[in-house]
1. If you take the residues in the stretch 109-131 that are among the charged types (D, E, K, R) and touching a residue at least 24 places away in the same chain (Cβ under 8 Å), which one is most open to solvent (accessible area, probe 1.4 Å)?
2. Going through the stretch 376-396 one residue at a time, which ones are assigned to a helix (DSSP H, G or I) and either farther than 30 Å from I352 by Cβ or of a type in the set (S, T, Y) (or both)?
3. For the stretch 76-107, how many residues meet the condition of being open to solvent by 70 Å² or more (accessible area, probe 1.4 Å) and free of Cβ contacts under 8 Å to residues at least 24 places away in the same chain?
4. Identify, please: which residue in the stretch 308-323 is modelled with pLDDT of 95 or more and under 26 Å from the mean Cα position of the chain (by Cα) and is, among those, most open to solvent (accessible area, probe 1.4 Å)?
5. Give me the pairs, please: first residue somewhere in the stretch 395-406 and within 16 Å of L185 (Cβ to Cβ), second residue anywhere and hydroxyl-bearing (S, T, Y) and surrounded by fewer than 21 Cβ atoms within 10 Å (Cβ to Cβ), beta-carbon distance under 8 Å, and either six or more positions apart or on two chains.
6. Restricting the stretch 156-180 to residues that are of a type in the set (A, V, I, L, M) and open to solvent by less than 10 Å² (accessible area, probe 1.4 Å), which is modelled with the lowest pLDDT?
7. Just one of E200, E181, E208 is in a loop (DSSP other than H, G, I, E, B) and charged (D, E, K, R); which is it?
8. Residues of the stretch 368-410 being crowded, with 20+ Cβ neighbours inside 10 Å and at pLDDT below 80, which ones?
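The values are calculated or read from the model by the stated rules, or taken from the named source; none is laboratory data. Computed from a prediction, not measured in an experiment: that's the story for all the values here. A quick note on method: Cβ atoms are made from the backbone with ideal geometry, for glycine too, and the neighbour counts reach across all protein chains shown. All accessible areas refer to the heavy atoms of the entire protein, side chains included, with ligands and DNA or RNA removed. Shrake-Rupley method; radii C 1.70, N 1.55, O 1.52, S 1.80 Å.
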Amino acid sequence: MAKNIADQAFVRESNLSSVLRLIHTQSPISRAQLAVITGLNKSTVSSLVDELLKQNLIHETGSNSGTAGRPATWLEINPQAGLVIGVELGVDFVSAAVTDLMGNILWRRKEDTDPTEDQNTMIQQTLRIVKEAMSANKKKGARFFGLGLSTPGIVDLKEGVLVFAPNLDWRNVPFRKIFSEATKLNTFIENDANAAAFAEHLFGTAKENQDFIFIFAGVGIGSGLFLNGHLYRGMNGYAGEIGHSPIIGEPSPTVCHCGNRGCWETYANQHSIIQRVQTRLEAKHTSIIPKLMAEQSLPLSISIIKQAADLGDVEATESIIEVGHAMGKGIAGLINIFNPEKIILGGPLSVIGEYLLPAIKETIAHHSFLPKINQAAEVQLSSFGSDASLIGAIAIVVHNVLSKPLNYEY
């Protein structure tokens, strides 16, 4: 008897989730349309919709009274249902945003951090920003569905622990415990590239794709492998650390943050671009870059290099193109292995994506076998640019609401 009750509860939540997801992705949508798409009978759909209306997760927005027959009432996600906090913990910055369930940004903040500071200082800075977000957006009667935190490195999802972040040199950080205790919010921790893949599938350019790879490029390179309609995590949940794949056979002079030599990301991350430009400047190549640095009193950075490239500076554009070719070699291997529909490039380096993409595509065409049989993956920039991981932190909370709506009853 108890088993039957449990089975019925599971089926009902599964059906509630299916209906809520359809309303989230295809709104405005009617009860009749939901019945056709889900295959559920109309009375069951009506009951499920009534339950979601009672939970305030959806609302009715009007009807198509201009058509023949009984008018259909449209259903949409209720923008007043509640709020989500997303936090992206970068190597040298913290970014936070508050959104509704559709990912519409209502508040945001970004601050630089000093990666040479101790771990606790950076965590306390992040907690301060989160508490400011909660204080600024806690309206009377509003609820927070949860907090999502995206972070570089390997994450233990079950425990909510950052196992290892090579570019921060952090190990075994209990993020879920720290943030849930400080905020009293349901807290989700995710790798930055996986989070960004969630963002693209839930809110962005990959809504209709079942097989795509998100490349998160910045200080390091990671990937979210979205395969057969699901994020692929591997045996221990650590899949996607593609930046530490060796792509150079001979000994490399550059030591990766992970301690190895020859890692892909050492040839194709933002430091690689900066190093290439620096080498050219030291060789006394003609460039507008020193002038831009002096005028703005700024060190050499991706922002300065982009400004120079926009002005037609050869040293800037050629350095970016060289890194684009290095990126393309790694991506070609991924295409050969996984045969995805799309490759999506996001993260901090997407700001120079217009210069990287041609070189990436050229190298893929040369090194990937699949284009030769007309099976080339579409390669494009993220819908969210450098905010992909931040929106991903939002997406992992929204995904949980859509998957387990009964957990969010008033």
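1. That would be K131.
2. S386, S389
3. Within the stretch 76-107, residues that are open to solvent by 70 Å² or more (accessible area, probe 1.4 Å) and free of Cβ contacts under 8 Å to residues at least 24 places away in the same chain number 1.
4. Looking at the filtered set, the residue picked out is I321.
5. Taking only residues 6 or more apart or on different chains, the pairs are V401/Y408; K404/S17.
6. Initial filter on the stretch 156-180 (of a type in the set (A, V, I, L, M)): 157, 161-163, 165, 168, 173, 178.
Retained after the next criterion (residues that are open to solvent by less than 10 Å² (accessible area, probe 1.4 Å)): 162, 165, 173.
On the way: L162: 94, A165: 88, V173: 95.
Only one residue tops the list, namely A165.
7. E208
8. S368
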